[in-house]
1. On a 0 to 90 degree scale, rounded to 10, what angle separates helix B:151-162 from the longest Cα axis of chain B?
2. Measuring from label point to label point, each 7 Å out along Cα→Cβ, what is the A:R181 to B:M89 span in nm?
3. By how many nm would the segment from B:Q251 to B:E160 grow when fully extended, if each residue of separation counts as 0.36 nm and the alpha-carbon distance is taken off?
4. Using alpha carbons only, how many degrees (0 to 90, rounded to 10) separate the axis of helix B:241-253 from the longest principal axis of chain B?
5. What residues have an amide H closer than 5 Å to that of B:S144, excluding those fewer than 5 places away on the same chain, when H is modeled at 1.01 Å from N in the peptide plane?
6. Along its three principal axes, how long is the stretch B:112-214 when you only count alpha carbons? Whole Å, largest extent first please.
7. Place the peptides B:44-54, B:192-202 in order of packing, highest mean first, counting for every residue the other Cβ atoms within 10 Å and averaging per peptide.
8. Amide H of B:T238 versus every other amide H placed in the peptide plane: which residues, excluding those fewer than 5 positions away on the same chain, fall under 5 Å?
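The values are calculated or read from the model by the stated rules, or taken from the named source; none is laboratory data. Everything numeric here is computed off the predicted structure, so don't read it as measured data. We place every Cβ from the backbone using ideal geometry, glycine too, and count neighbours over all the protein chains shown. Areas reflect the complete protein model, heavy atoms only, side chains present, ligands, DNA and RNA absent. Shrake-Rupley method; radii C 1.70, N 1.55, O 1.52, S 1.80 Å.
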Amino acid sequence: MLDALSERLSGVFRSLSGRGRISEENVRDAMREVRTALLEADVNYQVVKQFIDTVTEKAIGQEVIKSLKPDQVMIKIVHDELVNLMGPVDTRIYTVQPGPTVIMMCGLQGSGKTTTCGKLAKYLLGKGHHPMLAAADLQRPAAVEQLRVIGEQVGVPVYTDPAKVAPHGQVAKGAAVAVCRAAVNEARKLGRDIVILDTAGRLAIDQELMDELKEINAQLNPHQVFLVLDAMTGQDAVNSAKAFNEQLELDGLILTKFDSDTRGGALLSAKMVTGKPVKFLGVGEKLDRLEEFRPEGMAQRILGMGDIVGLVTEAMEKFDAEQTQKLAEKMQKGTLTLEDFIAQMKQVRKLGPMGKIMGMIPGMNELSKQMNMGEGDVEKQMSRMEAIYNSMNKQERKNTDLIDGSRRRRIARGAGVEVNEVGQFIKQFELSRDMMRAVGGMGMMGRLRLMRGLMSGGIGALGGPGGPLLRTKRSGRMEKKDRNKKKKKRR
Amino acid sequence: MRFFSKTLDKLKGALRKTAEVLNTDVRTLFIPGRQINDQFLAEMEEKFLQADMGVQNVERIVSAVRDRWRLGKIKNAEEAERVVKSELMEILPTDADRELRFAPSGTTVVLVAGINGAGKTTSIAKLAWILKNQMGKKVMLCASDTFRAAAVDQLTIWAERIGVEIVKHRMGADPAAVAYDACEAAVARNIDVLIVDTAGRLHTQEHLMRELTKIRDVVARKIPGAPHEVLLVLDATTGQNAIRQAQMFSQAINVTGLFVAKLDGSARGGFILSIREQLKLPVKFIGLGETPQDIETFDPQRFVDALFQDAPAPAA
């Protein structure tokens with residue numbers, strides 16, 4: 001996500017900390033770094049300029065200079081301003097009575113409109129609506145077929161009219177409007193309460209296709225118009241967003257491909273230039289990977305504070321509450337078994353790729369980098385842990401003390417791992433159990449902290465044959481290095 | 001606007017609107033006789049940043065001009081333009097680098113990859129068109145994007161329109177297996193160029209990147225020296241993330257060249273400078289529209305010229 005920007009900003013503020021008092025010049029220096037970071041994150045030049053001016057003014061005029069902890073104050077100012085720019089939040093989809101509510105999706109080619117239509121339909125299904133899709137992209141070859149397949153996967157009807165598809169090299173005049181109108185009628189007949197129109201992708205400077213969109217907009221009068229925008233878009237994001245907003249009067253933005261490592265400056269740019277709320281983020285290929293947008297989470301991410309709110313929300317939805325409750329009790333009593341440990345791990349895995357989860361937890365960004373762990377590595381290690389667990393018998397799972405050298409060898413053979421990995425796994429489990437006992441009986445936030453501990457020690461510690469990776473984080477060596485770094489800065 | 005002139009000639013009808021917008025271009029920055037001053041330098045910086053050239057590149061180029069100006073070596077806009085152009089041309093690829101690589105004999109394999117929505121399938125259609133109609137090659141397409149809904153259909157439609165052969169399996173099939181069959185078919189039918197389409201994938205999805213490596217390996221085993229060309233399709237509207245994409249794809253499949261799609265919009269694709277510098281990857285082709293004919297080989301001089309011009313205003 002916005003990792004790199006976070007790092008940059010934490011770097012800036014780290015250099016501020018420990019100086020005690022900072023001058024106006026210090027603020028300007030820091031803001032220069034913020035500017036570079038934002039530009040590198042593809043935030044539009046004009047937007048950056050405005051942001052820097054505002055924040056610099058606030059920072060200089062305020063308590064930063066007098067404050068004992070200038071970095072904290074600066075973080076707060078930058079953070080608040082970012083939230084301010086990305087808000088106000090409004091992820092609601094407005095519906096009308098009587099239906100159907102018409103939602104029109106538009107955007108450039110390749111921004112992910114068709115997939116997002118499917119995701120939105122799935123999201124609305126989850127909210128108790130009965131959406132329907134309309135294939136009004138008559139330009140791109142096989143776009144109609146693609147939407148039909150997606151509709152099937154989501155389980156919603158798709159209105160298509162293959163006869164209306166534009167002949168090669170032409171724009172089918174009026175056909176898209178006809179398809180949309182027929183789709184709305186069909187929805188009324190079928191009793192669907194929402195129709196999502198998938199329109200053809202186009203360049204902002206292609207007036208012919210823009211006219212087609214305007215025609216749909218004028219004739220169908222959609223209740224909501226959403227612009228689908230690629231999160232990786234560069235400086236050009238403002239041009240597209242502005243053009244679409246001027247011609248169609250957007251109601252909201254959906255940013256796609258946020259599961260990439262893009263810094264996502266396009267989000268800020270598009271929000272700023274249109275003034276329209278960001279509704280959702282696309283965060284994966286699967287059709288359930290659509291998230292409601294929250295500026296706090298995004299700003300915290302930018303500042304390297306992690307996205308706690310996002311993690312909690314997601315965890316709440318996907319964690320099996322009952323099981324978690326039971327686990328919590330066991331943790332408190334310290335009677336956690338290996339079985340529970342694995343069950344907990346599986347729960348965590350349900351949240352999605354580990355790399356993503358780690359990115360959401362404060363401090364985990366840098367940590368996972370230190371451990372040199374890619375997304376795949378974590379997944380691999382989890383699979384190895386499961387394999388070891390699966391190779392144990394029931395008694396061994398209940399009581400790890402039983403496992404002696406001979407059993408270890410047997411388990412290692414069964415799991416296809418080195419013998420020492422089995423030992424490490426057990427040690428890791430015991431460590432976690434004790435840790436859990438120590439922090440037992442806490443709420444969701446506490447458990448998150450625990451997960452952080454588990455991930456820094458727990459999963460990392462399995463490591464490769466070279467020994468536990470745990471050392472990279474906890475060893476004195478590392479801390480000493482950090483200390484030295486700090487010392488140097490002070491001098 | 002010379003950068004697009006050839007295409008515009010070719011496409012007078014379809015892109016007339018665009019042409020009108022492009023031709024109203026005003027060159028405010030480098031107007032002859034304008035003196036260099038701080039205001040000029042700031043404007044230049046803004047212009048280059050908005051072309052997605054990246055902070056580092058822009059800072060370097062602007063300093064090059066600023067330093068010469070302070071030393072009194074240059075004074076006006078024209079001289080500044082010359083300095084910038086020579087800086088940029090130094091980075092961009094030579095002619096030899098930009099040629100499509102063919103097998104010395106037998107079938108040439110071109111592997112095409114990129115992230116979701118970059119424009120792979122359309123770019124392949126363009127490539128097939130230029131190979132068939134301008135280079136007189138016998139072309140075959142391989143539908144190894146078996147993941148995205150209707151991707152095979154989309155490629156099939158293009159194959160029919162252009163009049164080239166296509167090898168495909170059903171959706172969900174192993175993409176490496178499709179590539180394997182396509183290699184056999186291409187050799188058996190004396191095909192000159194086999195173009196392999198692959199599913200779009202984000203460069204951060206490690207397992208999908210491994211799948212891509214596997215497709216490459218299968219192709220390499222079937223035909224010696226293949227893939228002769230590995231093209232990464234990049235969306236011209238992408239920002240600095242394009243560099244990450246180039247890095248990651250290069251790691252997985254050893255990319256040999258870039259195909260920059262959607263360069264007919266208002267985006268400038270300034271990221272290709274950084275990619276060239278850091279990874280030595282040349283741009284081989286650019287895509288300028290939605291029909292197969294809208295393809296051109298990359299011309300550095302025209303690219304640089306375009307960077308100096310104002311972005312075409314979006315339709316309003």
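1. Its long axis makes an angle of about 80 degrees.
2. Between A:R181 and B:M89, the label points sit 5.7 nm apart.
3. My answer for the length gained is 29.4 nm.
4. Compared with the principal axis, the helix lies near 30 degrees.
5. B:D197
6. Sorted from largest, the Cα extents of the stretch B:112-214 read 38, 26, 21 Å.
7. Ranked from most to least packed, the peptides come out as B:192-202, B:44-54.
8. For B:T238, whose amide H was placed from the backbone, the distant partners under 5 Å are A:G234.
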